[in-house]
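The values are calculated or read from the model by the stated rules, or taken from the named source; none is laboratory data. The structure presented is a predicted model; accordingly, all values stated were derived computationally and were not measured. Glycine also receives a Cβ, built like all others from the backbone with ideal geometry; neighbour counts cover every protein chain displayed. Note: areas computed on protein heavy atoms with side chains; ligands, DNA, RNA excluded. Shrake-Rupley method; radii C 1.70, N 1.55, O 1.52, S 1.80 Å.
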Amino acid sequence: MSLSEKGIIDRIRRHSQSGSAELLLGIGDDCAVIKRGRGLVELVTTDTLVEKVHFDLAWHPPELLGRKAAAVNLSDVAAMGGRSRYCLLSLALPLGFAESWLDQFMAGFLAALTEHGALLIGGDTVKSVGGYVISVTVMGEAPEAEILLRSAARPGDLIMVSGPLGNAAAGLEICRRGLGCEKDSWRQLIAAHLDPTPETVLGRILAESGLVNGMMDLSDGLATDLAHLCCESGVAAEIDGGLLPIADNLRDAAEALGCEPMSWALSGGEDYRLLLTVPAVNSEKLQEIVRRELGREIVPVGRIVNGKGVVLIDGAKRLDISYHGYDHFI
Ligand code: ADP
Ligand code: MG
């Protein structure tokens, strides 16, 4: 049997070198954390998008693909509570790619970086004998005292998310079936897949509040990402199926396409919302801050408990859903 994505990363982690005094955190979180002067830390993250694995040029306009390649990395810095500053872009391009594709891709990529305060400072360009490969590294910063880690969830915390779940998975399914923007209400779902918004402003607000314990972004689906968070924190989680924020337009699309809304919400990847754990006594105060600053809601979906794994409570049923999200290798 081949290793899962987590199995591969765990194996790489076992091979990795011993740290340095400056390296506060290596493999295991959304970003590596390196100590700098004046109470600041540097945050570093990288993510790769591969044609036919992460995107399909048949329906992904180059400008939006550029935005997404930036967004998935900006999201990892936001998930630590940091501010993105600098960026490297590496491209593997097939011979004969269209110059107009590159121009539109770059327009989207740079627009997204600019919106979130980051500058392109370098990268690498090579020929691909397969499809397009886009690899991005983002460096950011944060006050050391404010960074939010996957390893800091504690039993008794409420598990909260920063928006509806499963929209990107629904949008992908709509695109896959070639349905495009047939219905107005689907436009938002398609946009969630093609052009996700990193939670940069919210990430800083949550970090500055001092009211949050653990945090990460949702890239592989709640079931898998929460399992990562639990693993890093040495705790377990219970999700209450009735509390999952599932948008009306997602239910509508699920019915039209014969899909299960709950399965999109739990296992669909690429929502790039924040997943956070909050001591129960802090939750209302935090919700008030987010409402006041952004006019948005962060919603509780369950609780952190002692033990191992992620359980979905759905009526009288208790189902183990650990790692039931996207995995590149299984
Ligand atoms: P994310 O979903 O936020 O991009 P991943 O699940 O890809 O995070 O990675 C989890 C952790 O494993 C991160 O700290 C990442 O830097 C590290 N990691 C992933 N792949 C590798 C690799 N090939 N070599 C070293 N570290 C890796
Ligand atoms: Mg991440």
TODO: Go through the residues of segment 19-32 one by one and say whether even a single one is hydrophobic (A, V, I, L, M, F, W, C), within 11 Å of ligand 1 (Cβ to nearest atom) and touching a Gly at 6+ places or on another chain (Cβ under 6 Å).
DONE: yes
Task: Checklist (1) away from ligand 2 (no atom under 16 Å from the Cβ); (2) within 23 Å of the chain's Cα centre (by Cα); (3) under 30 Å from A237 (Cβ atoms) applied to Y132, failing item - done: (3)
Task: Pick from segment 123-138, criterion part of a strand (DSSP E or B), free of Cβ contacts under 8 Å to residues at least 60 places away in the same chain and at negative phi, ranking: surrounded by the most Cβ atoms within 10 Å (Cβ to Cβ) - done: S128
Open item on the list: With within 15 Å of ligand 2 (Cβ to nearest atom) and of a type outside the set (D, E, K, R) as the only criterion, which of L257, L243, L194, L229 stands out?
Closed with: L229
- [ ] Please specify each residue of segment 1-23 satisfying the condition of being under 27 Å from K35 (Cα atoms), open to solvent by less than 70 Å² (accessible area, probe 1.4 Å) and within 16 Å of ligand 2 (Cβ to nearest atom).
- [x] K6
- [ ] Filter segment 304-330 down to the residues that are buried (at least 18 other Cβ atoms within 10 Å of the Cβ) and touching a Leu at 6+ places or on another chain (Cβ under 9 Å), then identify the one that is nearest to S151 (Cα to Cα).
- [x] I304
TODO: Go through segment 29-56 and give me each residue that's of a type in the set (G, A, S) and open to solvent by 40 Å² or more (accessible area, probe 1.4 Å).
DONE: G37, G39
